[in-house]
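Engineer: Here it is, the structure in full.
The values are calculated or read from the model by the stated rules, or taken from the named source; none is laboratory data. Computed from a predicted structure; not experimentally measured. Here the Cβ positions follow ideal geometry from the backbone for every residue, glycine too, while neighbour counts run over all protein chains shown. All accessible areas refer to the heavy atoms of the entire protein, side chains included, with ligands and DNA or RNA removed. Shrake-Rupley method; radii C 1.70, N 1.55, O 1.52, S 1.80 Å.
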Amino acid sequence: MKTELIEGAVITVAVALGGVLLGVLWWWLAPHVPLVGDVDGQGNWAVYLKDTEGEQAVGADGTLTLLALAFGLVSALVVFLWRRRGGVPLVVGLAVGGVLGSLVAWRVGMWLGPSSDVLAHAKAVGKGVTFSAPLKLGAKGALLAWSLAALVVHLGLTGLFGPRDPEPVYGAAGSGDGYGPPVP
């Protein structure tokens, strides 16, 4: 049991560290929300969406979700190939690591993305110039995609290709299967 707990902890840390790569990919592939700054007659700055009907914000959420699903598939495959016999600590490590990796990815993507001070950014680029909004995650449920995909894929792989228990031989002489005395 001690070995399985150590393996589960290693899987948790390894999967969570994969969140850095997920965050970089999210920042690189997610669509950017275009904003534009403007000044009113009194010199006050305001920031507006350049395209009010744009779907870039939803696209950023969808990009993270799809990438997390792919990372869940790959991490489950790697864990299954590493330890085919499975075990509860391995599965728990995969699930917890997936959530931690998603949290790391979320923070890394936001850190790499444009400045979160939108008003200062608008003033820096100037009036009427288009700039990108900070990378945000609106659908917080996307943080569970990695873990859910990993658990489903690992369950499927274990069910299809995992080790099998030997089938008991019923009715054989001296089988001692508990259904009566052995047959002479």
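Engineer: Of TRP28, GLY18, TRP45, which is farthest on the positive side of the dipole of the chain, counting Cα position, with +1 on Lys and Arg Cβ, -1 on Asp and Glu Cβ, and the Cα centre as origin?
Structural biologist: Value computed over the given set: GLY18.
Engineer: Moving on. How much FRET efficiency would the formula 1/(1 + (r/R0)^6) give for LEU21 and LEU155, where r is the Cβ-Cβ distance and R0 is 30 Å, rounded to 0.05?
Structural biologist: Computed FRET efficiency for LEU21 and LEU155: 0.80.
Engineer: If you don't mind, another one. Give the range of the longest stretch in the chain that excludes all chymotrypsin sites (Phe, Trp or Tyr not before Pro) found in loop regions by DSSP and having at most 14 other beta-carbon atoms within 10 Å.
Structural biologist: Numbers: sites that count: TYR170, TYR179.
Counting only loop sites that pass the neighbour cut-off, the longest clear stretch is 1-169.
Engineer: With just the Cα atoms defining each centre, how far is segment 1-77 from segment 98-140? Give it in Å.
Structural biologist: 10
Engineer: For segment 83-112, which trypsin sites (Lys or Arg not before Pro) are both in a DSSP coil and crowded by at most 11 other Cβ atoms within 10 Å? Spell out each step's value before the answer.
Structural biologist: Details: sites: ARG83, ARG84, ARG85, ARG107; in loops: ARG83, ARG84, ARG85.
Here the sparse-neighbourhood loop sites are ARG85.
Engineer: Would you count, across the chain, every pair of lysines whose alpha carbons are under 26 angstrom apart, provided the pair is eight or more residues apart or spans two chains? Could you put the intermediate results ahead of the total?
Structural biologist: Values: LYS50/LYS123; LYS50/LYS127; LYS50/LYS136; LYS50/LYS140; LYS123/LYS136; LYS127/LYS136.
Lysine pairs meeting both conditions in the chain amount to 6.
Engineer: If you roll a 1.4 Å probe over the chain with all protein chains in place, what percent of the accessible area is carbon or sulfur?
Structural biologist: That fraction is 68 percent.
Engineer: Turning to a different aspect of this structure: Net charge near LEU135, counting Lys/Arg +1 and Asp/Glu -1 over other residues with Cβ under 11 Å of its Cβ? Write down the numbers at each step before the final one.
Structural biologist: Values: positive: ARG107, LYS136; negative: ASP61.
It works out to a net charge of +1.
Engineer: Same structure again: Modelled label-to-label distance, ILE6 and TYR48, 7 Å Cα→beta-carbon offset: nm?
Structural biologist: Simple spin-label model gives 6.4 nm for this pair.
Engineer: Kirkwood-based Rg over Rh for the chain (C-alpha set), two decimals? Could you put the intermediate results ahead of the total?
Structural biologist: Details: Rg = 25.7 Å, Rh = 19.6 Å.
Ratio of gyration radius to Kirkwood radius: 1.31.
Engineer: VAL58: accessible area at probe 1.4 Å, nearest 10 Å²?
Structural biologist: In the full protein context, VAL58 sits at about 110 Å².
Engineer: Sticking with this structure for a sec: Counting only heavy atoms of the protein chains, get the accessible area per residue of segment 62-113 (1.4 Å probe) and round it to a whole Å² value.
Structural biologist: On the way: 2490 Å² over 52 residues.
Per residue, segment 62-113 has 48 Å² of solvent-accessible surface.
Engineer: Once you charge only the Cβ atoms, +1 for Lys and Arg and -1 for Asp and Glu, what is the size of the charge dipole of the chain about its Cα centre, to the nearest 20 debye?
Structural biologist: Numbers: 11 positive and 12 negative charges, 78 e Å.
Computed charge dipole of the chain: roughly 380 debye.
Engineer: Can you tell me the FRET efficiency between VAL13 and LYS140 if r is taken as the Cβ-Cβ distance and R0 is 22 Å, rounded to the nearest 0.05?
Structural biologist: Numbers: r = 23 Å, r/R0 = 1.07.
With R0 = 22 Å, the Cβ-Cβ based efficiency is 0.40.
Engineer: Further question on the same structure: Please find, in a Gaussian network model of the chain (springs between Cα atoms separated by less than 10 Å), the residue of LEU160, LEU103, LEU135 whose mean-square fluctuation is greatest.
Structural biologist: LEU160
Engineer: Excluding TRP26 itself, calculate the net charge of residues whose Cβ lies under 15 Å from the Cβ of TRP26, where each Lys or Arg counts +1 and each Asp or Glu counts -1.
Structural biologist: Numbers: positive: ARG107, LYS136, LYS140; negative: ASP61.
With Lys, Arg at +1 and Asp, Glu at -1, the net is +2.
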